[in-house]
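The values are calculated or read from the model by the stated rules, or taken from the named source; none is laboratory data. This one's a predicted model, so the numbers in the text were calculated from it and none came from an experiment. Ideal geometry is used to build each Cβ from the backbone, glycine not excepted, and the neighbour counts take in all protein chains shown.
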Amino acid sequence: MATVVGLLKETWENERRVALVPLEVKKLVKKGFQVLVEKGAGAGAYISDEEYSEAGATLTDRKDVLSRADIVVKVQPPDDTDISALREGSVFVSLMFWWKNKDRIKALAGRKATVIALERVPRTTKAQFVDVLSSQATIAGYKVALLAADLAPRLFPMMTTAAGTIKPARVLVIGVGVAGLQALATAKRLGARIYAYDIRPAAKKDAESVGAKFLESPVWAEGEGGYARELTEEEKKIQREFLAQNIGDSDVVITTAAVPGRPAPKIIFKDMVERMKPGSVIVDLGAENGGNCELTKAGETVVHNGVIIHGPVNVPSMMPIPASQMFSRNVYNLIEMLVDKEGNLQINPEDPIVGPMLAVLNGEIKVEV
């Protein structure tokens with residue numbers, strides 16, 4: 001009997017992505033899967049029901065998907081109604097943000113479900129093909145640079161005109177991960193002078209590869225999985241003093257620092273903002289998790305002493321077409337890992353990629369709640 005994959009429409013506010021696009025649906029059908037798609041699932045990403053139907057999917061309603069699918073896929077976590085309608089023993093695949101959704105994790109365990117939390121993907125080379133964090137960070141880094149350029153009351157590139165020469169903007173990106181690198185590269189394409197800061201030594205080579213000047217950190221803090229570890233209080237003091245001058249000299253600051261499962265680390269404080277020139281811009285990609293800037297308000301743009309501070313949320317969803325395409329490829333690759341050669345559902349908790357992503361296994365909670 002074919003394994004049934006169910007695709008749900010996103011219901012979270014401002015979420016326009018879809019977890020599977022018709023291209024991957026077609027591939028799944030060709031491999032023998034039955035695919036159920038909730039009507040309207042792709043609307044936010046400009047994908048019609050007809051495209052899913054042509055790919056071989058069966059269009060149906062939400063309740064039917066939840067009650068029949070062996071594997072249910074989604075971008076955002078399920079809501080309480082979804083969980084109560086989910087068939088017992090099925091597999092739920094989505095971003096879960098388990099540290100913020102502990103009650104939902106417990107409820108899913110009560111349904112004897114297996115939950116694969118996409119944000120728990122190992123940050124290793126072998127896991128890159130299922131790494132939605134990296135694929136979505138690529139989109140976010142590109143978009144956040146455009147947001148900064150749009151908010152800035154000055155030009156990014158140098159311009160020489162009959163009216164004189166205008167100097168290029170100085171853009172500082174704090175956090176040189178996937179999003180930070182893409183923000184640097186995009187700001188560079190727009191003509192800005194780009195600078196980078198990170199507390200991980202390995203970031204220097206990456207930043208320089210896109211043409212950025214790397215600000216040598218007085219403290220280094222390489223953590224597990226390619227992330228920075230949390231700084232000690234003494235290290236935070238040293239970092240703060242070092243960054244204050246560099247932030248004050250910048251026209252635009254883009255922050256992308258994150259620590260998995262914890263609030264975004266505070267890097268820019270009120271006194272540092274007050275050293276910036278009026279008309280300077282801070283775009284805080286950590287806004288959803290509390291912000292890298294002390295003055296950030298998630299989903300809002302505030303002005304302090306003439307400095308514009310923008311806290312965008314769910315940035316990848318602002319570009320739903322490529323974000324969905326990349327997310328879909330990651331999910332398709334993951335689904336292939338969840339079945340054996342005969343196409344039967346088989347979850348291996350010992351697998352070095354799937355194992356760490358398990359938040360719940362057959363009703364047993366695997367994360368701290």
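Table for the structure above
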{"item": "Test result for Asp79, under 29 Å from Pro349 (Cα atoms) and in contact with a strand residue (DSSP E or B) (Cβ under 9 Å, 6 or more places away or on another chain)", "result": "no"}
{"item": "Residues being assigned to a helix (DSSP H, G or I) and either modelled with pLDDT of 95 or more or among the hydrophobic types (A, V, I, L, M, F, W, C) (or both) - total across segment 159-204", "result": "13"}
{"item": "Asp103 being touching an Asp or Glu at 6+ places or on another chain (Cβ under 9 Å) and assigned to a helix (DSSP H, G or I)", "result": "yes"}
{"item": "Residue list for segment 271-288, restricted to those being surrounded by fewer than 22 Cβ atoms within 10 Å (Cβ to Cβ) and more than 12 Å from Ile247 (Cβ to Cβ)", "result": "Pro278, Gly279, Glu288"}
{"item": "Leading residue by the ranking (surrounded by the fewest Cβ atoms within 10 Å (Cβ to Cβ)) among those in segment 164-185 that are β-branched (Val, Ile, Thr) and within 21 Å of the chain's Cα centre (by Cα)", "result": "Val178"}
{"item": "Cross-chain or 6+ apart pairs with Cβ under 9 Å, segment 23-39 first and farther than 9 Å from Gly56 by Cα, then of a type in the set (Gly, Ala, Ser) and part of a helix (DSSP H, G or I)", "result": "Leu23/Ser328; Glu24/Ser328; Val37/Ser53"}
{"item": "Test: Ala169 is in contact with a Pro (Cβ under 9 Å, 6 or more places away or on another chain), farther than 19 Å from Arg123 by Cβ, assigned by TED's automatic domain parsing to the domain that holds Gly141 and in contact (Cβ under 8 Å) with a residue 40 or more places away in the chain", "result": "yes"}
